[in-house]
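The values are calculated or read from the model by the stated rules, or taken from the named source; none is laboratory data. Note that this is a predicted model, so its numbers are computed, not measured. Cβ placement follows ideal geometry from the backbone for every residue including glycine, while neighbour counts extend to all protein chains displayed. Keep in mind that these areas ignore ligands, DNA and RNA; they rest on the heavy atoms of the full protein, side chains included. Shrake-Rupley method; radii C 1.70, N 1.55, O 1.52, S 1.80 Å.
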Amino acid sequence: MKIATILGTRPEIIKMAPIIAEINRRGINHIVLHTGQHYDKEMSDNFFRDLEIPAPDYNIHVGSGTHGRQTGLMMKGIEEILMDEKPDIVLVQGDTNAVLAGALVCAKLHIAVGHVEAGLRSFDVTMPEEINRRVADICSVMYFIPTEESAVNLLAEGFSRKNLFITGNTVVDACFRHLEIAKKRGFEEESLKNLDIDSMDNILTLTMHRAENVDIKERVTNIIAALKELSDMNIIFPIHPRTKHTLENFGLFDDLNNLDHVHIVKPIGYLDFLLLTSKSTLILTDSGGLQEEAITLDVPALTLRYNTERPETVTAGGNILVGANKDAILENANRILNDAEFADKMRNAVNPYGQGDAAAKTVDAIEKYYGEGLLNIVAPEDIMDSFSRKMAKIDKDITVSEFEEAENGLIHMVFDGEKMRFPTDELNLKGMMITYDKRE
């Protein structure tokens, strides 16, 4: 078996590192393609070396650009490599342009796609990431899903439960794995060393880069107004160059930079940032991935957004959406700082993304599919079965697998009276409503 992994950005590399390490540990033939969407010193071979994984076998070097140009260049480069390498399955992670390009190329070449972190939905079609993840799911054969809620999203869109694998999120594997590396190494960024982070208390780590925040003056002004009043916290702000430029254009950068309790530093490396996150009292962010890392590291998060494709973190109680509302930011930040019971409840929220074995579960599923010949994409040889779609209330003790065998069917949705459930083989359906396909 040969597996290919496509990467394009730092978050993809971080989240795929545990899977890459697991594939290599098992001695499976494996190649890594880097699209070069983010290729700077953080994306150099040193970054892979820091995470203790091999450097990419290929780099397409597409660089930045418009979505269309970037995606087109990626597709061209990916297609040439895959036609030569002929992998049995290609893994893509998340919702970037590299995911979109890789999934589309594989679909056209009839190569199986495994989508890691499948099923996330913000239901906001103005987000490029939402389009990318939806298209990738359409093109995939295997879906490695972080939570039951994300699995239900795919069931609602008509995907077969047989192809869905609730593995947990590799962000948990990555946090545990990489934090140990970071602790051994310690802080390397001079700006953090100079701040003496280890002796600081009440650390608020801030990240802010999304256009809907930094490009809208009213929103970013409200956020900065809240930061000014959080004087009991040490605010560490690794600032993105684009964010800094925008704040300067709005005449807001100096207001923030002159505050004694705000420490603006240049963007820092992943391992330094992970170590900083682990030492924080609070995370204030508009990032998607950081919402996952915060709950994994037991750090309360306030998210500067009005929606999230990580709603499980909110439901679990480790994350609160505050938008760009000054009052909401201040109220919740001060409660975390001053209300020990409230803060402990957020810190002790049950992590919805698993216990750190997502990589092993993912590779287990791939090996099983390969062994059963299910990665082969070929034209059908049998005439298509006809089927009818039905809904039923189940009144007897019967599991999902027993029902499907008895009815020659495939269950899609299960409702237990309170919430939608993922139809695992062993789930007892008594008292539940189901929708299913019955083959004729």
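Things to note:
- Carbon + sulfur, % of accessible area of the chain - ligands and nucleic acids excluded, 1.4 Å: 49
- Simple spin-label estimate for Asn334 and Ala379 in nanometres, 7 Å along Cα-Cβ: 7.0
- Calculated FRET value between Lys184 and Asn428, using beta carbons and R₀ = 45 Å, to 0.05: 0.45
- Per residue accessible area in Å² of segment 310-415, where ligands, DNA and RNA are left out and the probe is 1.4 Å: 59
- Full extension of the segment from His61 to Glu212, taken as 0.36 nm per residue of separation minus the current Cα-Cα distance, would add 51.5 nm.
- Scanning the chain for chymotrypsin sites (Phe, Trp or Tyr not before Pro) lying in DSSP loops with no more than 14 further Cβ atoms inside 10 Å, the longest uninterrupted stretch between such sites is 124-305.
- Comparing Cα centroids, segment 3-30 and segment 294-358 end up 29 angstrom apart.
- For segment 59-107 versus segment 218-291, the gap between their alpha-carbon centres in whole angstrom: 33
- Comparing Thr246, Thr66, Thr296 in a Gaussian network model of the chain (Cα springs below 10 Å), the most mobile by mean-square fluctuation is Thr66.
- From the coordinates shown, semi-axes √(5λ) of the Cα gyration tensor in Å corresponds to which of (1) 39, 27, 20; (2) 36, 24, 20; (3) 40, 32, 21: (1)
- Straight-distance crosslink candidates among lysines, where the alpha carbon sits under 30 Å from Lys2 and sequence neighbours closer than 8 are dropped: Lys15, Lys41, Lys76, Lys86, Lys108, Lys162, Lys361, Lys368
- Charge dipole of the chain about the Cα centre (unit charges at C-beta), most positive-ward option of Ala103, Val32, Asn428: Ala103
- Among Gly288, Gly94, Gly77: highest mean-square fluctuation, GNM of the chain, C-alpha pairs under 10 Å: Gly288
- Approximating the spin labels as points 7 Å out from Cα along Cα→Cβ, the Asn29-to-Asp260 distance works out to 6.5 nm.
- Centre separation in Å (Cα based) which lies between segment 368-440 and segment 133-181: 19
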